[in-house]
Each structure stands twice: as C-alpha cells, then as structure tokens.
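Each value in this text was obtained by applying a stated rule to the coordinates, not by laboratory testing. No experiment lies behind these values; they were computed from the predicted model shown. Using ideal geometry, Cβ is built from the backbone for each residue, glycine included, and neighbour counts are taken over all protein chains shown.
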Amino acid sequence: MNVAYVYPWDVVGDPSAPDRLAALGVDAIALAASYHSTRAATPYHPSHRVLDVPYPALYLPVRPSAWSRLVPAAPTWTPADAYLQARDALKTAGLQVHAWTVLTHNSHLGAANPDLVVRNAFGDPYPYALCPAHEDVLDYCDRLVREILTVASPDGLILEACGPMGFGHQSVHEKTSGADWTAVDSDLLSLCFCATCAPRYPEPTRARVRAALDRTLPTTPGFTTIEEALESLADEVRATRVALSASLRRRLLTTARDIAPDVPITLHANPDPWATGAFAALPDGDPAADVLVANCWSDPAQDAARLTHLTTLSTPNQRVGAYVLALPPRPADPSVLANHLSTYAKAGATDFHLYHAGLASPQRLTALTEALTHLT
C-alpha cells in the first residue's frame, strides 16, 4: 500500500487537491487528525502560500464531554472540523483516509501542565514532550484515540509518538548544536527523571547520567553506546524505558480494537530500545498492530538495516512500511527516489508512507509519481 501524508489545510479550501493527490498513484492519504505546531509551505493552495501553526491542535470539533484534565486545542488557522471536510473531499476522489494521530508530542498541553512533561537528569523540562509515565497522559492519549475513531470514522489509524519524546526536537530558533553533544549524550538527555519516572530507575541512575554528561566519570568519556555510559544500570533502565512505550501502545491498541475492530492500525516504530520521538521504541515487535513503519530519512543503507530489523520483529500477518522522505535533502529526481524505494522493498518494506504531498513542490510530486510507477 502507498500512503501519502498531508495536512487538513492542504485540502480544505483547495478544490484541486483531491484529484492532484489521487494522481500520485497512492491508495490512501494519511490525514493529520492531531498534530503539533509547525510552519508549513502550501505551494498549491489558492488562498495562501505559508501557514503558521503556532500550537498543536485537534482537527475535529473539540467536544468538552470527551475530555478530562488534558483538553486538546482547536485550530484558528483552518476550520474546527477541517479533518472531516478534508476526509469527505478525499474519499470523493476514491482515496482511503487514515487518521494520522500524534500522541505525546504536544507543546500546548506540556506548557500548561509542566508536571506531566519529560525532564532530564538535571531537571530541565521538555514542554513539547508529554511523559507517558503519568496516568493523565495515558488517559489523554486514550481519549484522543477514542474520539478520532468515533468522530472521524477513518479507514485506518496511524499512531505517531506512541511513547516518550526525547531531547531531539526542532524547536523555534534551536540553539543546542554548539554543545557538541554526541548521539550517546542525546540518548542520556532523553532519559526522563520526572516525579513518576525517577523512582523507577536504580537509585544511582540520575547521578550516573549527570556524571556521564559532565565527563566526570573515572572511566573514559568516549562512550560509543548508552550501555557503556550506564554500565551495570543499563539493563534495568532500558527495561523501564521500553515499558513506557509498551504500556501506552497496549492501552491504545486495546481501545482501538474495542471501538473499531476492523480499522487497521499502523505504528510508527523503531526497533532500537532507546528510541524516543515520533518513532517509538519497539524492540520486541507487537503482533496486535497491522503495519509497522520505520523512518527512512537518513542514509538509505542505514534505513534498510532498520527496516530489515523491524521485519524480523514482525509476524507473518503484519506489513512493514518505509516512511520515505520526498523533501530536501532528497533530490527531486525520480531515478534517485525509485532507487531508494527499491532498496527499501528489498529490505522488507511492503508499504510506502510518503512524506509529504502537501509540502512538496510540483517537481517533487512528479518525481514521486514517476518513482512509484517505476517500482510497479
């Protein structure tokens, strides 16, 4: 299955959008139902070219009775029912519509509820990152899935950020690169020490993480893995982290099956047990999902290795998808894109999730269409 990702505002107000998207040769559209803040180009829209989305929002009518402590915000830059309007237009063009649902990545709710966000070993909060160790966060994600399945009636459900977010985040005027933190440092800075997470780790964990980051450990500071940095603490810390994603995922999968048992569920997943962010840790797989999708935005060889690993974790009835970037730094070249798709198919991908059909230039959409044609 080929799935193109778009925002509701790419479709609402643009009568040409459904046919343009159908012409790509995709089977379905991943339409954002709940999404974080962004600044987006809209190169095709008849009314605007750049849209500022200052806070995360739900693109369905926000019904007060459906929520508890955490209530999603409604958009002001597009209609409150933008998802429903876009869904109906896309389905008229013969496309399936899957609800692209971002879960724990929410700066609006995190800023308003600082007790529920990820905090690093120094106590610094990450307001964009709701920590799933908190029952209020689990409840919010559960209610979000319930509401989307009930009100949006999607043909499929796509779960993104189904676990804790970490240090990495494209923030406004990001100013962290000069610290020269390594990949291991980023993993250490992604460990959450909020009031709920901290007691779950072995007692010396916080001090060990801080010492590793400050290069004050008696051992060599040149760690190549987070396991080296944590030493004997690694197994228990890793198990605690994996359990955070697993508990949220299992709750949401159970809820989704109860409400809409025939709606296929796609997980944005990463086989790395230390993974945080949009592609949550899934080191043991999960047979309850229908599709497991791996990020394929880096070096194609590394992407293929990640896909192969995810394939080994899948069941015979599961499909594995590649989340393919059609934006810079990828070239608008159909032969290059076709080569990437072929590489991912050989690594086990049966589905291609294409990012992003609303942000890509006409040249990029043409290249993507030709690449898909070559693949078949």
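Structure values in brief
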item: Cα-based convex hull, the chain, per residue volume (Å³, whole number); result: 134
item: The chain: antiparallel DSSP beta bridges as a percent of all, rounded to 5; result: 20
item: Fully extended contour minus Cα-Cα distance, from H309 to D136, at 0.36 nm per residue; result: 59.0 nm
item: Net charge of Cβ neighbours under 10 Å - reference R87; Lys, Arg +1; Asp, Glu -1; result: -2
item: Difference of contour (0.36 nm per residue) and Cα-Cα distance, A239 to A112; result: 42.8 nm
item: Square roots of five times the Cα gyration tensor eigenvalues for the stretch 1-69, Å; result: 24, 17, 11
item: Global geometry of the stretch 186-274, whether rounded, prolate or oblate, following the gyration tensor of its Cα atoms and the 1.5 cut on a/c; result: prolate
item: Segments 360-373, 329-342 sorted - mean Cβ within 10 Å per residue, highest first; result: 360-373, 329-342
item: Low-density loop cleavage sites - chymotrypsin sites (Phe, Trp or Tyr not before Pro) in the stretch 335-368, where at most 11 other Cβ are within 10 Å (DSSP); result: none
